[in-house]
1. Using 0.36 nm per residue, how much length does the chain from Ala25 to Val54 gain when fully extended, once their Cα-Cα distance is taken away?
2. Average the reciprocal distances over every distinct pair of alpha-carbons in the chain, invert the result, and give the Kirkwood radius in Å.
3. Taking the Cα centre as origin and putting +1 on Lys and Arg beta-carbons and -1 on Asp and Glu beta-carbons, what dipole magnitude results for the range 21-162, to the nearest 20 debye?
4. Just the C-alpha atoms of the range 35-86: what Rg/Rh do they give, with Rh taken as the Kirkwood radius?
5. Out of residues 5 or more away from Val140 or on other chains, whose amide H comes under 5 Å of its own, with H placed 1.01 Å from N in the peptide plane?
6. Please report how many Lys pairs in the chain have alpha carbons closer than 29 angstrom, counting only residues at least 8 apart along the chain or sitting on separate chains.
7. How large is the helix-only mean residue ellipticity at 222 nm for the chain, computed as the sum of -39500 (n - 2.57) over DSSP H runs with n ≥ 4, divided by its residue count, in deg cm²/dmol to the nearest 500?
8. Whenever you get a sec, compute what percent of the accessible area on the range 18-104 sits on carbon and sulfur atoms (1.4 Å probe).
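The values are calculated or read from the model by the stated rules, or taken from the named source; none is laboratory data. From a predicted model like this one, the values you see are computed outputs, not experimental measurements. Virtual Cβ from ideal backbone geometry, glycine too; neighbours counted across all protein chains shown. Note: areas computed on protein heavy atoms with side chains; ligands, DNA, RNA excluded. Shrake-Rupley method; radii C 1.70, N 1.55, O 1.52, S 1.80 Å.
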Amino acid sequence: AYGRFEDVPAAAFDRVIASTLTGAANVARSALRVFRQQGGGKLVLVGSLLGKIVTPYMSSYVTAKWAVQGLARTLQVEARSTPGIDISLVSPGSVDTPVYRQAASYSGRDGRPPPPVDPPEKVARAVLRCLDRPRRDLSVGLANPFAVLGFRTLPALFDLLVTPLMNLGGLARSRTGRHDGNVFEPQPEPRVMPTPKR
C-alpha cells in the first residue's frame, strides 16, 4: 500500500501487516509442527531488503518485513535447541513482478520496482539454495549491501537521499487516483497504468 503513513487507511495498513507477517507466522507454525513430527525440516521465509532499511510511502510493507526478519531470527535462535530444523531468510531487493502495479496507492502514484531489478527466477534459485544449504540470511540484489551499509553507517545521509530516490525510482511518473489495489481483493492481472493526459 503506497502512500504516506497518515494517508494509508488503517484497514489497508492492518491488512498488509496481516497478509505479510501473519501469513509468514502461520506458515512457520504449520511447518514447525510437521518438522517436529518427522524429526526435522528446512523452512525458508522470504523477507525483503525493506526489512533492513526503510523507505517512505511504504510504511505497512516496511513494518511487516521488519517483523518477518524478527520472526525469522527468533525462530533461528529457538531452532538451535531442536536438531534437524533449519530456518533461513531470503531478503530480495527489487524483483520484476506485478506486485508493484497491483498494490494499493493512496499517494496518487503507483509503485514500480526501483533499479536494479532482479528476475523472480533469481529469488527462486536463492530459496532453493537455502533448502540445500541453509543460511541465516541470504540477500538477493546487487545494491542490497550498499543500501544496508548506508542505512546503518550514514543514517543522516540515507534519510536525506531516500525520499528523492524513492520519488525518482520507486514511484511511477504518471498520476493515478487513490485505489485499494489488491489489498482487499485479489487482482490476478496487473492494473493497467493510465495513459497520462496531454
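1. Values: separation 29, 0.36 × 29 = 10.44 nm, distance 2.17 nm.
Stretched out fully, the Ala25 to Val54 stretch lengthens by 8.3 nm.
2. 17.9
3. Values: 18 positive and 9 negative charges, 71 e Å.
Approximately 340 debye in magnitude.
4. Taking Rg over the Kirkwood Rh, I get 1.13.
5. Residues meeting the amide H criterion: Ser91, Gly93.
6. On the way: Lys42/Lys52; Lys42/Lys65; Lys42/Lys122; Lys52/Lys65; Lys52/Lys122; Lys65/Lys122.
The result is 6.
7. On the way: 7 runs with 83 residues, N = 198.
Taking each H run of at least 4 residues, the total per residue is -13000 deg cm²/dmol.
8. Details: 2220 of 3900 Å².
Of the solvent-accessible surface of the range 18-104, carbon and sulfur hold 57 percent.
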